[in-house]
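This report refers to the structure that appears directly beneath it.
The values are calculated or read from the model by the stated rules, or taken from the named source; none is laboratory data. The model shown is predicted, which means the values in this text are computed figures rather than measured ones. All Cβ positions, even for glycine, are placed from backbone atoms using ideal geometry, and neighbour counts span all protein chains on display. Heads up: the accessible areas ignore ligands, DNA and RNA and are worked out on the full protein's heavy atoms, side chains in. Shrake-Rupley method; radii C 1.70, N 1.55, O 1.52, S 1.80 Å.
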Amino acid sequence: QVQLVESGGGLVQAGGSLRLSCTSSGIIFAWNDMAWYRQGPGKQRELVASLSSGRRSNYADSVKGRFTTSRDDDKNTLYLQMNSLKPEDTAVYYCNVKFRGATYWGQGTQVTVSS
């Protein structure tokens, strides 16, 4: 059974930083491409960053230069370092993996950025 568990969200002032973690089980983590999505209030879920098993990363234009995703395959964990946070980054952040034709999501972690 594939499980993704996010943590690290919270309330932070604009300009601050947070690091999110996503711990996985039920997959061979090192073999899989991973991604972070977010869904803000009244908005559709959007891709924030992706990181392939080969360490190739991509970022949404809105977070380039501020967010960095990384992975520790020994710990089966994906990270999202978020710096220079803005109020518009307020959202629930989700970890995502596509495995054997199915898409899996974590429960999400809330990030709130106050102005």
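On the chain, 45 percent of the accessible area sits on carbon and sulfur atoms, based on a 1.4 Å probe. With a/c under 1.5 counting as rounded, go ahead and sort the range 1-45 into rounded, prolate or oblate using the C-alpha gyration tensor (a ≥ b ≥ c being the square roots of the eigenvalues; past the cut-off, prolate if a/b is larger than b/c, else oblate). Prolate, because a/c is 1.5 or more and a/b exceeds b/c.
Were the residues from S17 through S52 laid out at 0.36 nm apart, the gain over their Cα-Cα distance would be 10.2 nm. Amide H contacts under 5 Å for F67: N83, restricted to partners 5 or more places along the chain or on a different chain, H placed in the peptide plane at 1.01 Å from N. The smallest convex shape that holds all Cα atoms of the range 59-115, its convex hull, gives 105 Å³ per residue.
Only lysine pairs 8 or more places apart, or on different chains, with alpha-carbon atoms under 25 angstrom apart are counted in the chain, and they number 6. Taking the radius of gyration and the Kirkwood hydrodynamic radius from Cα positions alone, what is the Rg/Rh ratio for the range 1-113, to two decimal places? My calculation puts Rg/Rh at 0.95.
In this label model, Q110 and R45 are separated by 1.9 nm, measuring between points 7 Å along each Cα→Cβ vector.
For the range 1-88, the solvent-accessible area with a 1.4 angstrom probe is 55 square angstrom per residue.
Listed values for the range 38-51 are Karplus-derived 3J(HN,Hα) couplings in whole Hz (6.51 cos²θ - 1.76 cosθ + 1.60, θ = phi - 60°), namely 8, 9, x, x, x, 10, 7, 5, 10, 6, 9, 7, 9, 9, and x replaces Gly and Pro. Annotation: amide H-H contacts under 5 Å for G16 (H modelled 1.01 Å from N, sequence separation of 5 or more, or interchain): L85.
Projected label points at S25 and D61, each 7 Å from Cα along the beta carbon direction, are separated by 4.1 nanometres. Neighbours of L47, meaning other residues whose beta-carbon lies under 13 angstrom from its beta-carbon, give a summed charge of +2 when Lys and Arg score +1 and Asp and Glu score -1.
In this label model, T68 and K86 are separated by 2.0 nm, measuring between points 7 Å along each Cα→Cβ vector. Sparsely packed loop sites in the range 46-109 (the trypsin sites (Lys or Arg not before Pro) outside DSSP H, G, I, E and B with at most 11 other Cβ atoms within 10 Å) comprise R55, R56, K64, R100.
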